[in-house]
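This is the structure I want to talk about, given as structure tokens.
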Amino acid sequence: MLLGVTASMGICMAQQFDEVTYDREKTVFRLNAPAKARKVVVRIYEEALGGTPRHTVTLKKERGKGMAAKEGAALWTGCQEGNLEGMFYTFDTGQGECPGTFAKAVGVNGRRGAILDLRVTDPEGWDKDVRPAIGSPSDLVVYEMHHRDFSIHPSSLSRYPGKFLALTEDHNIEYLKTLGVNAVQILPSYDYATVDESQPDRPQYNWGYDPLNYNVPEGSYATDATRPEVRIREFKQMVQALHKAGIRVILDVVYNHCMNIAGSNFQMTLPDYFFRKTEKGKGASGDIGTTGDDWANASGCGNETASERALMRQFMLESVKYWIEEYHIDGFRFDLMGIHDIETMNSIRREVDSIDPTITLYGEGWAAGAPALPDSLCAMKARTHLMPGIGAFADEMRDALRGPFSDDHQSAFLNGLPGHEESIKLGLVGGIKHPGVDMSKVNYSKEAWAAQPTQHVSYVSCHDDMSLVDRLRTSIPGIGTEELIRLDLLAQTAVLTSQGIPFLWAGEEVLRDKKGVHNSYNSPDSINQINWEHLRLYPQVFQYYSGMIHLRQAHPAFRMGQADKVQRHLKFLDAPSCVIAYQLDGQAVGDSWKTIICILNANRTPQQVSIPQGKYTIVVRDGVVNAEGLGQHTGRVVTVPAQSAIIVHSS
Ligand code: CA
């Protein structure tokens, strides 16, 4: 059996990175390393850390060819006889030891590659695992979660607190199904650097935006990080259990930067290739040893990768394909996608389409600083229309609802402040050009940036920044619980009736807070964990979220999926200040409801809105959802209670 040969989904790719091929008689090592390297060796150990090499193999340089050769690399190969299963290895190109750029199994803390047969990591029935079907990305309701946040609090009653396996437990799966989400987006779950996997009993926390090995699951989420096969198998068990429940798995991928340059597998394998330099850095003499301001830093983490370079682009392509094929991943969320170039993102879309066009791709269409690449080439939000089939997070509606990213104390629509209506309307149509949206009044964009509504990720909160609860408390001083709940539900009504891809941060449905912490990337569990006792305290909040999700999924009018349909069949109605009213033509898009009218009222008083004369069934009013109906309404005027949404339909 072979390690390093991709699984059985019929894709043959030209592997451009390190490859370790194991069978019982021998293990073959291949590495694309600098053609000019003096020596490249593999060291084989019995231990994942420490010890002395059992074998040292000097790799032989083969004649360079193909993409790698053009980039200054040559293929170095070697072989060690004997059965090396269970052993560990490192490559050394003269920069120190590392597991290579494309290790598929590693030892504890990811410092050495592991030699194993990947097929023994497949759980029973893995060959029958299938991707839950969707019609379009706007059919998804994405639930963004961190493994530890989700199941570490005692109230989660998980047998595997903080682990991949928590998402195989019946009560957790049942919870997600009851809520109604059909995709989880898991925070970085590849092997990252900061949590010490050798100390599983010590509480440690990190979001995981510090990549170490991109193609191996993180060890601290496994029940045993010291056995390389365990994290791989348990990750697959998680995917399998979610798929059985009809829930897709979207991976948060952070190809835009590494934990650091000097210790990175990229730099140790092919120095000075994978990272962008500043103008000053480009002028520095010598390849190695440049530091500090020589390196571009659009990630805000000290470095940025160079997706426009052939091998970095190829790395992202092969990595995405590997997660799809080996782990059956259904979608990818690209961290700081604006650092990547448009051509790379489009080539990933093309490759993924050849496997399954329903695999979802979206990302953050921005960066933490200006990338060292011409702006016109960067995959920024404003250029989403140039990247068909790739979405971006929408900050227009998010900030128009809750207030700007730059100041937690400022509020917006939710606090009854006028002037934010058009930005929210842009979010409701899914970021596309629409006759009912006055772009001159939109906060951040003066032109519609999505070609299709399925390119617009609609949200009001995510792991970044404050939770919605904390934001409401901070931006509306003195807010009481009742008002907070009203506004929370109003905000998520906008998200869950948007024609884009609705996106919820886990725990918002039980009024999760983070004690006011904005950037909780390494805060303790006491800040980040979801206290599920809130479910008992605020059942009406969960019921509303769940009700709205099910309403969306039962009614295609909320997720038309195509720009021309949204342009024709979503119409805004005249409304007072701080009220947004819109009408969906359900009949035209195959909905069982003929006409649907949604009205969002952020005022502290009830508001009246004129609607077409008709007889309507009320399905959402004053924080309550009931698809069967909460009562009837007849006439040309509807009154919307304060700080809440109303949805009515004619049959
Ligand atoms: Ca790790």
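Could you order the peptides 592-604, 445-457, 76-88 from most to least packed, using the average number of other C-beta atoms within 10 Å per residue?
Details: 592-604: 21.2, 445-457: 23.1, 76-88: 17.5.
Ranked by mean Cβ neighbours within 10 Å, highest first: 445-457, 592-604, 76-88.
Right, something else. List the trypsin sites (Lys or Arg not before Pro) in region 141-206 that DSSP assigns to loop (not H, G, I, E or B) and whose Cβ has at most 16 other Cβ atoms within 10 Å. Which are they?
Working: sites: Arg148, Arg159, Lys163, Lys177; in loops: Arg159, Lys163.
Sites meeting the loop and neighbour criteria: Arg159.
Could you check the simple spin-label distance between Asp564 and Ala262, using points 7 Å along Cα→Cβ, in nm with one decimal?
Placing both labels 7 Å along Cα→Cβ, they lie 5.8 nm apart.
Continuing with the same structure: With unit charges on the beta carbon (Lys/Arg positive, Asp/Glu negative), name the residue among Pro612, Phe405, Val510 whose Cα is farthest towards the positive pole of the charge dipole of the chain.
Positive-most Cα among the choices belongs to Pro612.
Among Leu75, His55, Tyr89, whose Cα sits farthest toward the positive end of the charge dipole of region 8-117 (+1 at Cβ of Lys/Arg, -1 at Cβ of Asp/Glu, about the Cα centre)?
About the Cα centre, the residue reaching furthest to the positive side is Leu75.
Using alpha carbons only, how many degrees (0 to 90, rounded to 10) separate the axis of helix 342-355 from the longest principal axis of the chain?
Compared with the principal axis, the helix lies near 90 degrees.
I'd like the GluC sites (Glu not before Pro) in region 305-339 restricted to DSSP loop residues with at most 15 other Cβ atoms within 10 Å, sorted by number.
none
With both bridge residues required to lie in the chain, what share of the DSSP beta bridges run antiparallel, to the nearest 5%?
Details: 68 of 94 bridges.
Given both bridge residues lie in the chain, the antiparallel proportion sits at roughly 70 percent.
For helix 170-179, what angle does its Cα long axis make with the longest principal axis of the chain, in degrees from 0 to 90 and rounded to 10?
On a 0 to 90 degree scale, this one is about 40.
Run the numbers for Ser592 and Thr58: contour at 0.36 nm per residue of separation, minus the present Cα-Cα distance, in nm.
Details: separation 534, 0.36 × 534 = 192.24 nm, distance 6.89 nm.
Net length gain for the segment: 185.3 nm.
Also, quick follow-up: Quick check: with the 1.4 Å probe, what order do Arg402, Arg131 take by accessible area, largest first?
On the way: Arg402 15, Arg131 50 Å².
Largest to smallest exposure gives the sequence Arg131, Arg402.
Take every Cα pair under 8 Å in the chain that's 6+ residues apart, average their separations, divide by the length, and report that relative contact order as a whole percent.
Values: 1579 pairs, mean separation 68.2, N = 651.
Relative contact order, the chain: 10 percent.
Here's a follow-up. Hey, rough spin-label estimate for Asp375 and His171, points 7 angstrom out along Cα→Cβ, what's it come to in nanometres?
Between Asp375 and His171, the label points sit 5.3 nm apart.
Could you give the length gained on full extension between Glu279 and Asn519, defined as 0.36 nm per residue of separation minus the Cα-Cα distance, in nm? It would help to have the intermediate numbers written out before the result.
Details: separation 240, 0.36 × 240 = 86.40 nm, distance 3.08 nm.
Using 0.36 nm per residue and subtracting the Cα-Cα distance, I get 83.3 nm.
Could I have the simple spin-label model distance between Gln608 and Ser354, label points 7 Å from Cα toward Cβ, reported in nm to one decimal?
6.3
Here's another thing I want to ask about it. What accessible area, in Å² to the nearest ten, does a 1.4 Å probe give for Thr58?
80
Further question on the same structure: Calculated FRET efficiency, Asn346 and Met67, Cβ-Cβ r, R0 22 Å, to nearest 0.05? Don't jump to the answer; show the numbers that get you there.
Numbers: r = 18 Å, r/R0 = 0.82.
The formula returns an efficiency of 0.75 here.
While we're looking at this one, here's another question. Against the longest principal axis of the chain, how steep is helix 481-496, in degrees 0 to 90 to the nearest 10, with axes from Cα atoms?
For helix 481-496, the angle is close to 70 degrees.
What Kirkwood Rh does the chain have if only Cα atoms enter the pairwise 1/r average? Answer in Å. Please list the in-between numbers first.
On the way: mean 1/r = 0.0388 Å⁻¹.
Result for the chain stands at 25.8 Å.
Here is a follow-up. For the chain, what does -39500 (n - 2.57) per DSSP helix run (n ≥ 4), summed and divided by total residues, give at 222 nm, in deg cm²/dmol to the nearest 500?
Working: 16 runs with 149 residues, N = 651.
Estimated from H runs of four or more residues: -6500 deg cm²/dmol.
Something else now. Set the Förster radius R0 to 30 Å, insert the Cβ-Cβ distance between Gln540 and Gln632 as r into 1/(1 + (r/R0)^6), and round the FRET efficiency to 0.05. Spell out each step's value before the answer.
Working: r = 23 Å, r/R0 = 0.77.
Result of the calculation: an efficiency of 0.85.
Moving on. Heavy atoms of the protein only, probe of 1.4 Å, neighbouring chains included. What is the accessible area of His649 in Å², nearest 10?
Here the accessible area works out near 10 Å².
Turning to a different aspect of this structure: First measure r as the distance between the Cβ atoms of Asp293 and Asp196, then evaluate 1/(1 + (r/R0)^6) with R0 = 30 Å and state the FRET efficiency to the nearest 0.05.
Values: r = 30 Å, r/R0 = 1.01.
Efficiency, rounded to the nearest 0.05: 0.50.
The values are calculated or read from the model by the stated rules, or taken from the named source; none is laboratory data. Not measured: the values here are computed from a predicted model. Neighbour counts are summed over all protein chains in view; Cβ atoms, including those assigned to glycine, are modelled from backbone coordinates with ideal geometry. Heavy atoms of the whole protein, side chains included, go into the accessibility calculation; ligands, DNA and RNA do not. Shrake-Rupley method; radii C 1.70, N 1.55, O 1.52, S 1.80 Å.
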